[in-house]
1. Restricting to the range 159-181, give me the number of residues that are open to solvent by 30 Å² or more (accessible area, probe 1.4 Å) and either assigned to a helix (DSSP H, G or I) or farther than 17 Å from I75 by Cα (or both).
2. Does at least one position in the range 292-306 carry a residue that is open to solvent by 60 Å² or more (accessible area, probe 1.4 Å) and at pLDDT below 80?
3. Report, by residue number, each residue of the range 190-249 that is buried (at least 17 other Cβ atoms within 10 Å of the Cβ), part of a loop (DSSP other than H, G, I, E, B) and among the hydroxyl-bearing types (S, T, Y).
4. Look at A346 and say whether it is open to solvent by less than 10 Å² (accessible area, probe 1.4 Å) and either modelled with pLDDT of 95 or more or under 18 Å from the mean Cα position of the chain (by Cα) (or both).
5. Pick from the range 250-268 the residues that are at negative phi and surrounded by fewer than 22 Cβ atoms within 10 Å (Cβ to Cβ): which of them is farthest from the chain's Cα centre (by Cα)?
6. Among all residue pairs at least 6 apart or on different chains, which show Cβ distances below 6 Å where the first residue, located in the range 183-202, is free of Cβ contacts under 8 Å to residues at least 60 places away in the same chain and the second is open to solvent by 10 Å² or more (accessible area, probe 1.4 Å)?
7. Would you tally the residues in the range 349-368 being within 15 Å of L257 (Cβ to Cβ) and crowded, with 20+ Cβ neighbours inside 10 Å?
8. Spot the failing condition for L355; the list is (1) in contact with a strand residue (DSSP E or B) (Cβ under 7 Å, 6 or more places away or on another chain); (2) not in a helix (DSSP H, G or I), and only one is missed.
Amino acid sequence: MSAESTPDPAIPGFGESRADGSRRRGKGRRRKPRDRRRKALLAMAWTAAGIVVLGGTGAGVLYVKLNGNLTSVDIDQALGADRPEKADNGSENILVLGSDTRSGGNKRLGGGTDDGTARSDTAMVVHVHKGHKKASVVSIPRDTLVDRPECTDTDGDEHPAATGVMFNSAYSTGGAACAVKTVESVSGLRMDHYLEVDFSGFQKLVDDLGGVEVTTTADIDDPDSHLDLKAGTHRLDGEQSLGLVRTRHGVGDGSDLGRIQLQQAFLKALVHRVEDIGLLGNPKKLYDIADTATKTVTTDSDLGSVNSLMSFASGLKGIGPAHMHMVTMPVIYDPADGNRVLVEEAKARQVWDALRNDRPIPASATEDTATGEAKDVVSAS
């Protein structure tokens with residue numbers, strides 16, 4: 001996998017010093033989090049998986065074509081045996097990442113430079129409860145300062161541990177395997193599967209759908225993400241949609257937490273679009289979208305075939321929005337650097353302990369933690 005890309009303006013790069021000051025935990029100074037903000041990449045990943053199920057109903061050459069599109073990585077081989085134990089209660093944990101690669105077809109998308117590298121721009125732990133009738137979803141802000149464990153990537157290269165680094169440095173340092181290792185270290189939970197979606201695939205998926213309609217309640221002008229929208233209703237093409245889910249400056253408090261809120265709102269609109277266009281009645285569009293979806297995702301090796309992905313998606317079909325509890329990992333703003341957040345350890349432990357025991361996440365776990373103040377800036381039309 002690839003190494004790190006150029007950080008956002010005004011945010012120090014990985015390995016650079018933060019502003020002088022204590023790294024003590026401070027109290028949250030933003031509004032309480034809201035449940036609607038956090039679907040982010042989950043909705044896109046599950047939409048893609050659902051499309052694969054539909055597209056996979058074909059046979060022969062279509063099946064072979066779609067199967068050949070998929071890319072997988074052997075996470076289990078890279079991580080070895082030094083991992084949390086698998087759950088024995090019938091639940092599953094899936095790490096869903098949105099990759100921020102700036103090479104190839106992604107180099108001109110969403111701002112930044114073409115240095116041939118990547119970051120994990122969005123990260124979510126999806127916990128599917130026993131019986132696969134409901135799920136709990138925990139977003140991990142990319143700007144969270146964590147202690148990254150020693151890890152080995154899928155090429156066999158070893159990477160030393162690091163303390164007090166941004167969460168998304170795990171992916172930029174050692175790819176999928178190091179990202180999984182870091183999430184398992186932070187949460188104490190074993191990740192049973194891995195699912196990744198990239199920039200260019202996201203853009204093409206939206207274009208294949210004919211665009212997505214959203215309403216903005218305020219002007220959004222962010223040159224860094226090439227986005228300029230006046231307040232009102234818009235039909236966004238793929239490139240505009242990518243700009244929207246990446247923008248952070250000038251929206252809410254300008255943090256990654258606010259960007260998570262925009263992503264959730266956009267992905268809700270994306271799901272509505274999939275429902276509205278009636279894919280089952282349009283085989284050509286259905287195939288085009290299935291073709292894009294299978295090219296867009298990277299999975300762990302256990303999900304690296306259309307049959308496996310179909311079986312996985314089929315097991316999630318009964319989990320709708322009403323059966324998903326979504327939170328952001330409890331964090332507070334770093335008093336030494338406003339561009340970073342720190343894990344609120346006691347509350348985060350409530351979250352991870354609940355999932356380890358396959359129980360609902362208690363409301364107390366997310367009270368009085370940081371939020372991005374971008375709720376309701378974007379909504380589905």
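1. Number of matching residues: 5.
2. No, the conditions are met nowhere in the range 292-306.
3. T247
4. no
5. Among residues in the range 250-268 that are at negative phi and surrounded by fewer than 22 Cβ atoms within 10 Å (Cβ to Cβ), the one farthest from the chain's Cα centre (by Cα) is D253.
6. Between residues of the range 183-202 that are free of Cβ contacts under 8 Å to residues at least 60 places away in the same chain and residues that are open to solvent by 10 Å² or more (accessible area, probe 1.4 Å), the close pairs are S185/P149.
7. 1
8. Of the numbered conditions (1) in contact with a strand residue (DSSP E or B) (Cβ under 7 Å, 6 or more places away or on another chain); (2) not in a helix (DSSP H, G or I), the odd one out for L355 is (2).
The values are calculated or read from the model by the stated rules, or taken from the named source; none is laboratory data. Just so we're clear, the structure is a prediction, and the values are computed from it rather than from any experiment. When we count neighbours, we look across all protein chains shown, and the Cβ atoms used for this are built from the backbone with ideal geometry, even at glycine. To get the accessible areas, we keep the full protein, side chains included, count just its heavy atoms, and leave off ligands, DNA and RNA. Shrake-Rupley method; radii C 1.70, N 1.55, O 1.52, S 1.80 Å.
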